[in-house]
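Right, one structure below, let's go through it.
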Amino acid sequence: MHYRPRNIAADFLNNSNYENDINYVLQMCRWVLKFLGIWPLVYSRTSKVEKVISVALLITCFSDLLFSLIPPGCYIIFEENSMNTRVKLLGPVGFCLSSTLKYCYLVLKGKVFAQCIVHVERDWRIVDNTKHRNIMLKHASISRNLIALCATFLCTGGMSFQIMTQFFSKGKIKGNYTARPMMYPGYDTLFDTQSSPTYEIIFTIHCFSGFIKYGVTTAAFSLAVIFVTHICGQIRIQIARLEYLVKSKLTKGTHRDPLANIVRDHVEVLRFSRYIEEALREICLAEIVESTLIICLLEYYCLMEWENSDAIAIITYFILLTSFIFNILIFCYIGETLTEECSQIGPASYEVEWYKLAPKEACDLILLSTVSLYPPKLTAGKIFELSLCTFGSVLQTSVVYLNLLRTVSN
């Protein structure tokens, strides 16, 4: 899979505010990717110091994820005999496994995302119309707001779970003393987890791994939303150019064919959207599967804690449930938005004053109308189309799995 945008000279700069604009677009995504050590992999213009720091962060983050995954995973498989306890630990460990897989994918696909960022930078570099630049800034603002919402919900839900589990849960009585709760079990064979400072060190590592897991999901979402909103902005620009098509055609002394430019740029946008779909389909599939299972488990946890009358646990799991539902809703929303925006070019080509054009030129608009009948779609592994209907299916499937889980556990 290799994407080649149409060749434009590197010094072809029409937007004097290019550096500020691209910094505004990528700022929040850059913060998250730098924290994960992935930024130098997706952005070529980084210093040697940043690359060295990136390698150290990659090793640290991956080691932390494995530390939070392997001992608890082995504990669930080989040591724990209670089905209820296994189910209760399956959610945190499953989310850790999914985050580790997504983290590896982001690292391995760094060059692919780097090419996408180069395309976004090129579009910002060559925009030469103030109205068109404002359209792009509007969509960039939307992407920043969505990224901020995603990060807020994930961190609020995730950290509330980790903090409330540690500080507000009742200690488990073992013999003659009360054991301090551990978010992930399975370390007793390696360390004396109840002694200080071992307990505090493991707690700190778990908190840091929590930020990594939420950062991985936020990073995947931020890349998706930046690329999709950029495509939507480019489609809106093509629609704005169509509105002035007749006027430019009737202007004397016009040496360029504006319709040819619109068709050329629209084809470029569609080609970029297909490349984005290929780059994101595995992450979207992981998000769909992860959200379906985690939402099912969180619903089960809420019901179990309701029976136990544990208000703190109910609040904690409900916050987590809300954050995961919102996260998959936004993923499906951006897929729906991509399809809807790309299909608008057809109605826009009909609404222009095409009857003032020459018959041959008016017939050329049929090409845009025909292409708009098959808009690009953001899919999860070419299995599910990301849309609001898919979001409803995820919730419906989670309830079906919930009923199955309650039957099996009982």
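The values are calculated or read from the model by the stated rules, or taken from the named source; none is laboratory data. Just so we're clear, the structure is a prediction, and the values are computed from it rather than from any experiment. With ideal geometry, Cβ positions are generated from the backbone for all residues, glycine too; neighbour counts draw on all protein chains shown. Accessible surface areas use protein heavy atoms only, side chains included; no ligands, DNA or RNA. Shrake-Rupley method; radii C 1.70, N 1.55, O 1.52, S 1.80 Å.
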For the stretch 367-410, which residues satisfy the criterion of being surrounded by fewer than 18 Cβ atoms within 10 Å (Cβ to Cβ), of a type in the set (A, V, I, L, M) and within 26 Å of TYR275 (Cβ to Cβ)? LEU367, LEU373, ILE383, LEU388
Please specify each residue of the stretch 190-233 satisfying the condition of being farther than 17 Å from LYS34 by Cβ, of a type in the set (S, T, N, Q) and in contact (Cβ under 8 Å) with a residue 24 or more places away in the chain. SER209, THR229
Flag for GLU277 being among the charged types (D, E, K, R), surrounded by fewer than 22 Cβ atoms within 10 Å (Cβ to Cβ) and in contact with a helix residue (DSSP H, G or I) (Cβ under 8 Å, 6 or more places away or on another chain): no
Residues to consider are LEU106, LEU137; find the one that is at pLDDT 90 or above and open to solvent by 20 Å² or more (accessible area, probe 1.4 Å). LEU137
So, of the residues in the stretch 51-85 that are of a type in the set (Asp, Glu) and surrounded by 15 or more Cβ atoms within 10 Å (Cβ to Cβ), which turns out to be nearest to TYR103 (Cα to Cα)? ASP64
Filter pass, THR204 being of a type in the set (S, T, N, Q), open to solvent by 20 Å² or more (accessible area, probe 1.4 Å) and at pLDDT 80 or above: yes
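Which one of GLU290, GLU307 is out of contact with any Cys (no Cβ under 8 Å at 6 or more places or on another chain) and either aromatic (Phe, Trp, Tyr) or open to solvent by less than 20 Å² (accessible area, probe 1.4 Å) (or both)?
The conditions single out GLU290.
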Does LEU101 meet the test of being surrounded by fewer than 17 Cβ atoms within 10 Å (Cβ to Cβ), out of contact with any Pro (no Cβ under 8 Å at 6 or more places or on another chain), modelled with pLDDT of 90 or more and closer than 22 Å to VAL289 by Cβ? yes
